[in-house]
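Presented below is the structure to which this report refers.
The values are calculated or read from the model by the stated rules, or taken from the named source; none is laboratory data. It should be emphasised that the depicted structure is a prediction, and the values quoted were computed from it without experimental measurement. Cβ: placed from backbone, ideal geometry, glycine included. Neighbour counts: every protein chain shown. Ligands, DNA and RNA are excluded from the accessible area calculation, which covers all protein heavy atoms including side chains. Shrake-Rupley method; radii C 1.70, N 1.55, O 1.52, S 1.80 Å.
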2 protein chains.
Amino acid sequence: MLTKPQHLFDDATRVTAGDSRWQGRTSPDYWAFVGPFGGATAATILRALIEHPQASGDPLALTVNYCAPIAEGPFDLDVRLVKANRSSQHWCVELSQGGAEVATLATAVFAERRPSWSHQQATCPDAKPFEAILPYPKVAATWVKQYDFRFIDGDPDFGSRKAQPASAFSKLWIGDRIPRKIDMLSLTAMSDAFFGRVFHARRELVPFGTVSLTTYFHTDADDLANEDVTRVLAVADAKIFHKSYGDQSGELWSPSGRLLATTTQIAYFKA
Amino acid sequence: MLTKPQHLFDDATRVTAGDSRWQGRTSPDYWAFVGPFGGATAATILRALIEHPQASGDPLALTVNYCAPIAEGPFDLDVRLVKANRSSQHWCVELSQGGAEVATLATAVFAERRPSWSHQQATCPDAKPFEAILPYPKVAATWVKQYDFRFIDGDPDFGSRKAQPASAFSKLWIGDRIPRKIDMLSLTAMSDAFFGRVFHARRELVPFGTVSLTTYFHTDADDLANEDVTRVLAVADAKIFHKSYGDQSGELWSPSGRLLATTTQIAYFKA
């Protein structure tokens with residue numbers, strides 16, 4: 001029997017349904033230096049919620065707190081619908097391995113997105129077309145190989161440390177290396193697919209780890225299906241690095257100029 | 001016996017310690033139209049964590065999901081240390097009333113802020129001095145009366161609806177009406193003390209409620225004690241309003257130009 005092979009991303013974020021306990025496993029294809037790519041973990045958690053029989057509405061907000069390293073292999077997702085209202089749901093998810101302590105703690109809000117007054121105040125950044133930019137080379141971490149990064153501003157240059165801090169701003173196209181239609185899961189993963197802002201500001205790699213990631217979705221599944229795109233225009237920046245922690249805020253835009261998601265995170269660094 | 005009366009804010013956010021279950025109660029002084037001011041709820045939750053005997057380090061990140069209205073009166077806080085590492089702690093708090101369903105769900109990260117390379121990339125906004133601006137009048141909601149808002153940009157003007165959306169940006173000084181030294185709790189409350197961005201964009205009041213609030217602290221208790229300030233320079237803006245939800249991002253600066261906290265939220269509106 002011939003079946004179309006699943007996209008690597010769908011393999012990596014696959015979950016097995018349980019009642020309140022779901023299962024997933026880390027993917028060698030989305031591996032970072034000391035654990036799974038945080039964006040894949042976040043997307044796996046969101047997938048368990050989207051596929052949950054009690055889920056209603058579309059993802060509106062997701063916060064993922066990375067509490068401890070996740071080891072290679074299977075993990076459990078304790079999924080709990082904390083509160084359901086007429087048009088919104090509040091979820092809490094705890095990821096653990098082998099009955100040990102919680103490694104990832106997440107909350108999510110789902111909502112029915114009713115038609116309303118609509119106004120996009122933010123301006124879509126200017127950008128050279130995707131096709132006019134060379135892809136970023138495949139570097140060591142496997143997760144980076146799964147994405148097609150095309151930098152417009154803030155091209156990574158992590159071997160040129162200078163006395164003065166450089167800009168932490170980046171503007172780039174992000175698509176899956178094997179094109180995949182952008183859905184809520186890919187927006188989630190891509191919201192963590194920026195390189196550490198501290199690498200840009202210092203122009204060098206330093207020990208780094210995301211501590212907490214929050215993503216808001218400004219589109220619903222219908223909007224996204226209508227966009228029918230395989231890449232986003234992304235910008236990311238930082239405001240401050242202080243006492244071992246730094247922030248990042250980012251935006252993910254559709255090629256047609258619709259703001260699909262905004263994201264913010266706080267990350268540990270050693271420098 | 002003469003004792004110095006507590007600041008209203010400290011009364012409003014007072015908690016009674018339990019083992020895993022703490023108690024608080026809503027305050028008539030920080031009341032919004034249909035429930036307590038969300039910033040006071042967030043600060044009360046953070047206070048329970050800061051005062052918790054197991055707490056270690058300083059607040060780094062706080063996410064509060066407002067799941068259901070909180071009625072006037074007492075509430076319970078189920079406080080759980082989900083994971084503790086050598087230098088960070090992950091907490092989960094559920095607020096409920098009378099054994100009913102969860103009304104507020106929060107996660108927090110505490111961390112030991114070790115000295116590091118430090119760089120504030122963001123530029124402190126220009127601002128007229130606090131003393132040169134008239135205070136915003138005391139309006140209906142009691143919580144607004146507890147703050148001294150002095151608008152530099154985006155002065156509220158909610159009775160002048162026009163066909164074209166207005167700017168959602170605001171820049172203002174925020175202090176307690178009865179001055180109180182800025183601590184982590186006031187930063188938390190002030191990060192939710194902006195008026196709804198949709199009110200600014202539409203120049204009218206519409207039904208509105210914060211759904212999820214995330215605040216990152218870029219300072220620790222020592223830094224803050226050294227600042228010794230009673231007000232912050234605050235900016236807030238929105239990027240998009242779509243299908244009944246809109247975002248807000250904000251910054252809280254010390255008068256000396258230090259970025260103390262950044263905040264983001266997603267809110268429901270009806271328009």
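Being without any contact (Cβ under 8 Å) to a residue 40 or more places away in the chain and of a type in the set (A, V, I, L, M) is the filter here; which residues of the stretch A:153-196 pass it?
A:Ala163, A:Ala166
I need a count of the residues in the stretch B:233-247 that are open to solvent by less than 20 Å² (accessible area, probe 1.4 Å) and within 10 Å of chain A (Cβ to nearest Cβ).
The qualifying residues number 7.
What are the pairs with Cβ atoms under 7 angstrom where one residue, in the stretch B:49-66, is more than 14 Å from chain A (Cβ to nearest Cβ) and the other, located anywhere, is open to solvent by less than 40 Å² (accessible area, probe 1.4 Å) and in a helix (DSSP H, G or I)? Sequence gap at least six, or different chains.
These pairs meet every condition: B:Ile50/B:Met184; B:Ala55/B:Leu49.
Against the condition among the basic types (Lys, Arg), buried (at least 19 other Cβ atoms within 10 Å of the Cβ) and either at pLDDT 95 or above or over 15 Å from the mean Cα position of the chain (by Cα) (or both), how does B:Arg21 come out, does it pass?
no
Scan the stretch B:216-231 and give yes if some residue there is open to solvent by less than 20 Å² (accessible area, probe 1.4 Å), within 13 Å of chain A (Cβ to nearest Cβ) and part of a strand (DSSP E or B), otherwise no.
Looking through the stretch B:216-231, at least one residue is open to solvent by less than 20 Å² (accessible area, probe 1.4 Å), within 13 Å of chain A (Cβ to nearest Cβ) and part of a strand (DSSP E or B).
Would you confirm whether or not the stretch A:156-175 contains a residue that is more than 14 Å from chain B (Cβ to nearest Cβ), among the acidic types (Asp, Glu) and closer than 22 Å to A:Asp228 by Cα?
No; the residues of the stretch A:156-175 include none that is more than 14 Å from chain B (Cβ to nearest Cβ), among the acidic types (Asp, Glu) and closer than 22 Å to A:Asp228 by Cα.
How about the stretch B:92-103: which of its residues are of a type outside the set (A, V, I, L, M), assigned to a strand (DSSP E or B) and facing chain A (nearest Cβ under 9 Å)?
B:Cys92, B:Glu94
What are the pairs, 6+ residues apart or on separate chains, where a residue within the stretch B:117-130 that is outside any loop (DSSP other than H, G, I, E, B) and of a type in the set (S, T, N, Q) has its Cβ under 6 Å from a residue that is open to solvent by less than 60 Å² (accessible area, probe 1.4 Å) and at pLDDT below 95?
Going by the 6 Å Cβ cut-off, there are no qualifying pairs.
Given the condition in a strand (DSSP E or B), open to solvent by 30 Å² or more (accessible area, probe 1.4 Å) and aromatic (Phe, Trp, Tyr), answer yes or no: does some residue in the stretch B:31-46 qualify?
Among the residues of the stretch B:31-46, at least one is in a strand (DSSP E or B), open to solvent by 30 Å² or more (accessible area, probe 1.4 Å) and aromatic (Phe, Trp, Tyr), which makes the answer yes.
Determine if the stretch A:64-78 includes at least one residue that is under 16 Å from A:Tyr216 (Cα atoms) and in a strand (DSSP E or B).
Within the stretch A:64-78, one or more residues are under 16 Å from A:Tyr216 (Cα atoms) and in a strand (DSSP E or B).
Does B:Ile174 fit the bill of being under 14 Å from B:Ala234 (Cβ atoms), assigned to a strand (DSSP E or B) and open to solvent by 30 Å² or more (accessible area, probe 1.4 Å)?
no
Please state which one of B:Ser191, B:Ser167, B:Ser244, B:Ser186 is at positive phi and of a type in the set (Ser, Thr, Tyr).
The conditions single out B:Ser244.
Quick check on my filter: what residues within the stretch B:223-271 are polar (S, T, N, Q), in contact with a helix residue (DSSP H, G or I) (Cβ under 7 Å, 6 or more places away or on another chain) and within 21 Å of A:Val109 (Cα to Cα)?
Hit for the stretch B:223-271 is B:Gln248, nothing else.
Among residues belonging to the stretch B:124-142 that are within 20 Å of B:Ala40 (Cα to Cα) and open to solvent by 40 Å² or more (accessible area, probe 1.4 Å), point out the one that is modelled with the highest pLDDT.
B:Thr142
Testing B:Leu213 on (1) open to solvent by 10 Å² or more (accessible area, probe 1.4 Å); (2) in a strand (DSSP E or B), one condition comes back false. Which one is that?
(1)
Filter the stretch B:248-268 down to the residues that are out of contact with any Asp or Glu (no Cβ under 7 Å at 6 or more places or on another chain) and of a type in the set (A, V, I, L, M), then identify the one that is surrounded by the most Cβ atoms within 10 Å (Cβ to Cβ).
B:Leu252
Answer yes or no as to whether B:Asp192 is acidic (Asp, Glu), in contact with a strand residue (DSSP E or B) (Cβ under 7 Å, 6 or more places away or on another chain), at pLDDT 95 or above and surrounded by fewer than 21 Cβ atoms within 10 Å (Cβ to Cβ).
no
Looking for something in contact with a Phe, Trp or Tyr (Cβ under 7 Å, 6 or more places away or on another chain) and open to solvent by less than 20 Å² (accessible area, probe 1.4 Å) - is there at least one such residue anywhere in the stretch A:144-152?
Yes: one or more hits.
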